[in-house]
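The values are calculated or read from the model by the stated rules, or taken from the named source; none is laboratory data. In this text, all values refer to a predicted model and were calculated from it rather than measured experimentally. As a convention, Cβ positions derive from the backbone with ideal geometry for all residues, glycine included, and neighbour counts pool all protein chains shown. Ligands, DNA and RNA are excluded from the accessible area calculation, which covers all protein heavy atoms including side chains. Shrake-Rupley method; radii C 1.70, N 1.55, O 1.52, S 1.80 Å.
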Amino acid sequence: MATTEENKLEHFLQWLQVNQVELRGCKIKYCGVNKGFGLFSANDASDGILLVVPLDLAITPMRVLEDPFLGPDCRAMFDQGDVDDRFLMILLLTVERLRKNSSWKPYLDMIPTTFWNPLWFTDDEMQELKGTTLYRATELQKKNLRSVFEDKVKGLVKKLLVLDGDSESEVTFEDFLWANSVFWTRALNIPLPQSYVFPQIQGTGDSSSRFIQDAGTSSNDDVVHNQNEKNVKAAATWEVDGTGKVTGHPLSMYLLSANEGPSQTEKEITISYGNKGNEELLYLYGFVIVDNPDDYLMVHYPVEALQDTSFSESKAQLLQAQKAELRCLLPKSLLAHGFFPECFSGKKGNGKSDDLVCDYSWSGQRRTPSYKNKLVFPEDFLTSLRTIAMQEDELFKVSSLLEELVGCEEERQPSEAEVRAAVWEACGDSGALQLLVDLLNNKMMDLEAGSGTAERDSELLEKAHVVNNPADRTRVENTGSLHCELMSRNRWNSIVYRRGQKQLTRLFLREAEHALQLSLNEES
């Protein structure tokens, strides 16, 4: 282990001891240049308690508001509603990273200096995401973060540093970006004793509060998540001991082993972020899972496009009355219940939408579609598409049906269910499904425009050799391999993610096209 890493770990362990953190059934180890530090089970703790941390060591919003250094300025912004609880903790991390004598330095030194989420991508790496939902989301998020940095962070942090006796240090956007990434990869929601959330109110009740705490967990996101096992049962959970009856330390937080038998020595204790799709995993945490069973596709109808449709105002009113959604998430698991389940490989969940399905006809002429139980698309989204695709005669029929329903009751407005039923009665499914096919075709064109087909992505991944740093690149180049393509981890993650999006788009497009054909046949 490099001397600098030995020093970091030694100082951190001393810091934990000073702050009364107890490593009971675990130890912290260095895992290598690409992985940083990790938490490993060390021996069999008879009570299953691996780690005990005082709640005083948790970074909470209230801690920031009560800090004598940060508190006054933060309290003013918070009380005026200019910032939220997340901003408070991110600001503390930004300031403490720059303070020369920060009491948090041993902890902050254990955290990576860069991250793998798209906010840290180079311009070339961002091009690998072009055409995906994540590309646009990242561009918007970076723009928003820069705005917050310029408007609320830069001047305030400089002011605080000067008050701290440091007039030379300059805060950069990268400092703020780093703090933002630390928060999103390490923040937890947990019920804390009320006095920690609202110190002015004394009590024994619990209140949910977001805070940052990973004093013993891995410091590098390469080992933060178990990427090889899917739907693994948690090996340990964080619990709060308000009275001290469990740990012997009142107002503490402890890591409790979930294993019923003896703990496996030297087994790494990793963080699970839950069952999430690659879009969310890459966006927040900077990694992906190949063939992720929890992947999903986002489909949306642009709000601005509605203005270009005929009778846009009337349609907007109908959409509002139906509480309609202009976007939807299509989980991969839905495909197991569709027309082509043999094409689905992955876990089978319930998958079916619990949305209200309009399956009756006022006139007796609109029959329930025979394919109803095979339709994988959410009814909430389909009712939006029916409304948007509505023709003039269909719009007139909806209006007539609703007038007939309400009758002379001028005070009463049709209910959401009644409006949906009228729209389905007038329009059926073919218009909505045709619009859905168009949306999916456009999405596929966007995805393939700059990077080609999913098959092309698969070829790139088969030849890929991921390098995390210049030393890795030099070592691979010296081997003289002619059959691999060196690529950064960010590029590899992007290709895995976008390939999954192309595959899902193709499968859901096939479902939509088949449903459209059945609908046209039944409506003719």
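Every residue in region 1-29 that is at pLDDT below 90 and either among the hydroxyl-bearing types (Ser, Thr, Tyr) or open to solvent by 60 Å² or more (accessible area, probe 1.4 Å) (or both), please. The answer is Met1, Thr3, Thr4, Glu6. Looking only at region 172-194, residues that are under 14 Å from the mean Cα position of the chain (by Cα) and either of a type in the set (Lys, Arg) or farther than 21 Å from Phe287 by Cβ (or both) come to 1 in all.
Condition first: at pLDDT 95 or above, of a type outside the set (Asp, Glu) and part of a helix (DSSP H, G or I). Now tell me which residues in region 250-307 satisfy that. Answer for region 250-307, where residues must be at pLDDT 95 or above, of a type outside the set (Asp, Glu) and part of a helix (DSSP H, G or I): Asn278, Leu281, Leu282, Tyr283. Taking every residue in region 305-332 that is under 19 Å from Leu436 (Cβ atoms) and pairing it with any residue that is of a type in the set (Phe, Trp, Tyr), at least 6 positions away or on another chain, the pairs with Cβ-Cβ distances below 7 Å are Glu325/Phe381; Leu326/Tyr301; Cys328/Phe381; Leu329/Tyr296; Leu330/Tyr296; Leu330/Phe508; Pro331/Tyr296; Lys332/Tyr296.
Lys29 meets each of the listed conditions (1) assigned to a strand (DSSP E or B); (2) in contact (Cβ under 8 Å) with a residue 12 or more places away in the chain; (3) touching a Phe, Trp or Tyr at 6+ places or on another chain (Cβ under 8 Å) apart from (2). Go through the residues of region 98-105 one by one and say whether even a single one is farther than 28 Å from Glu10 by Cα, open to solvent by 20 Å² or more (accessible area, probe 1.4 Å) and of a type outside the set (A, V, I, L, M). No, that holds for no residue.
Does any residue of region 3-15 turn out to be assigned to a loop (DSSP other than H, G, I, E, B) and not basic (Lys, Arg)?
Of region 3-15, the ones assigned to a loop (DSSP other than H, G, I, E, B) are none.
So far as region 3-15 goes, no, none of its residues is assigned to a loop (DSSP other than H, G, I, E, B) and not basic (Lys, Arg).
Open to solvent by 30 Å² or more (accessible area, probe 1.4 Å), closer than 18 Å to Leu516 by Cα and out of contact with any Gly (no Cβ under 7 Å at 6 or more places or on another chain), is that true of Gln434? It is true that Gln434 is open to solvent by 30 Å² or more (accessible area, probe 1.4 Å), closer than 18 Å to Leu516 by Cα and out of contact with any Gly (no Cβ under 7 Å at 6 or more places or on another chain). The combined condition, being under 27 Å from the mean Cα position of the chain (by Cα) and open to solvent by less than 20 Å² (accessible area, probe 1.4 Å), is not fulfilled by Leu461. Can you find a residue in region 129-138 that is part of a helix (DSSP H, G or I) and over 19 Å from the mean Cα position of the chain (by Cα)? No, there is no match, as no residue in region 129-138 is part of a helix (DSSP H, G or I) and over 19 Å from the mean Cα position of the chain (by Cα).
Applying a threshold of 8 Å to beta carbon distances and a minimum spacing of six or more residues, or different chains, the list of pairs starting in region 447-470 at a residue that is over 20 Å from Asn117 (Cα atoms) and touching a residue at least 12 places away in the same chain (Cβ under 8 Å) and ending at one that is open to solvent by 60 Å² or more (accessible area, probe 1.4 Å) and in a helix (DSSP H, G or I) reads Gly450/Gln127; Ala454/Gln503; Ala454/Arg506.
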